[in-house]
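Worksheet: one structure, shown below.
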Amino acid sequence: MIDLYTAATPNGHKVSILLEELGLPYTVHALSFDKKEQKAPAFLKINPNGRIPAIVDRDHGDFPVFESGAILVYLAERSGQLLPADPKGRSIVMQWLMFQMGGIGPMQGQANVFFRYFPEKLQGAIDRYQHETRRLYEVLDTRLQQVDYLAGDYSIADIATFPWVRGHEWSGVSVQGLTALQRWMAALEARPAVQRGLQVPQRSDDVSVVKGAQAMLIR
Ligand SMILES: N[C@@H](CCC(=O)N[C@@H](CS)C(=O)NCC(=O)O)C(=O)O
């Protein structure tokens, strides 16, 4: 059994989508950002960074894993799915996974901060992060003109990237003209496991940060 500590955000959805794809049993612990549950001492023992997602693998010595990319790799390797074992195939998945973790996540995350939440309107910061996110989407689009999925076959690289790209409107970033990216998004959206993963955790009235995102993300 896997314990999943999460909230309804793109990084949280990566892990619930993968767990649904793998058909692994898991228990959801929905953390309230309003109550700062992600900063509670007990949770910091699982994730010293005080953020979601995190898991604890109860079947393997209560092993904790934080950082969404590391969680995806751990679960894929445990199950032998969605991450090839051969070095080249594995490397291609890891390249696109790192591209999401080091590029799209941080840039789009900052776009959200400055476009949605920051108390001052800093147009330079908004433009910088929105333009950089759009540039990264164009890299994805070019790749997806050549292959169906980021690493060729469907993999954890797609699962890491999709929850962010589908939130593009919330971030104020257009996908206009990126037809390969739109085709890929539609393919991901059509997957039953993806649809189930996006419902985790279920709406919770005490998570206000998440409510805004859910209203946008669950269309
Ligand atoms: N690099 C981390 C980022 C995690 C992250 O930023 N999580 C956000 C939600 S998407 C969070 O927990 N925010 C609450 C906080 O910052 O206190 C990962 O990929 O797991």
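The values are calculated or read from the model by the stated rules, or taken from the named source; none is laboratory data. Here the structure is a predicted model, which means the values were calculated and not measured. Positions of Cβ are backbone-derived with ideal geometry, glycine not excepted, and every protein chain shown enters the neighbour counts.
Take the residues in region 41-68 that are in contact (Cβ under 8 Å) with a residue 40 or more places away in the chain, within 12 Å of the ligand (Cβ to nearest atom) and part of a strand (DSSP E or B), then tell me which one is nearest to P10 (Cα to Cα).
If we take residues in region 41-68 being in contact (Cβ under 8 Å) with a residue 40 or more places away in the chain, within 12 Å of the ligand (Cβ to nearest atom) and part of a strand (DSSP E or B), then A54 is nearest to P10 (Cα to Cα).
Counting only residues that are among the β-branched types (V, I, T), more than 14 Å from the chain's Cα centre (by Cα) and closer than 16 Å to E132 by Cα, which one in region 159-200 is surrounded by the fewest Cβ atoms within 10 Å (Cβ to Cβ)?
V175
Taking the condition in contact with a strand residue (DSSP E or B) (Cβ under 7 Å, 6 or more places away or on another chain), within 14 Å of the ligand (Cβ to nearest atom) and either in a strand (DSSP E or B) or among the β-branched types (V, I, T) (or both), does V15 pass?
Yes, satisfied.
Please name all residue pairs, on different chains or six or more residues apart, with Cβ atoms under 6 Å, provided the first residue is in region 89-112 and is under 17 Å from E138 (Cα atoms) and the second residue is of a type in the set (A, V, I, L, M) and away from the ligand (no atom under 11 Å from the Cβ).
W96/L150; W96/A151; W96/A157; L97/A157; G103/L136; I104/L136
To keep it simple, each residue is scored yes or no on (1) away from the ligand (no atom under 12 Å from the Cβ); (2) surrounded by fewer than 18 Cβ atoms within 10 Å (Cβ to Cβ).
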position: Y5; (1), (2): no, no
position: E21; (1), (2): yes, no
position: D34; (1), (2): no, yes
position: K39; (1), (2): no, yes
position: A85; (1), (2): yes, yes
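Suppose we filter F43, F114 for residues that are surrounded by 13 or more Cβ atoms within 10 Å (Cβ to Cβ), among the aromatic types (F, W, Y) and outside the structural domain of V175 (by TED's automatic domain parsing); which single one remains?
F43
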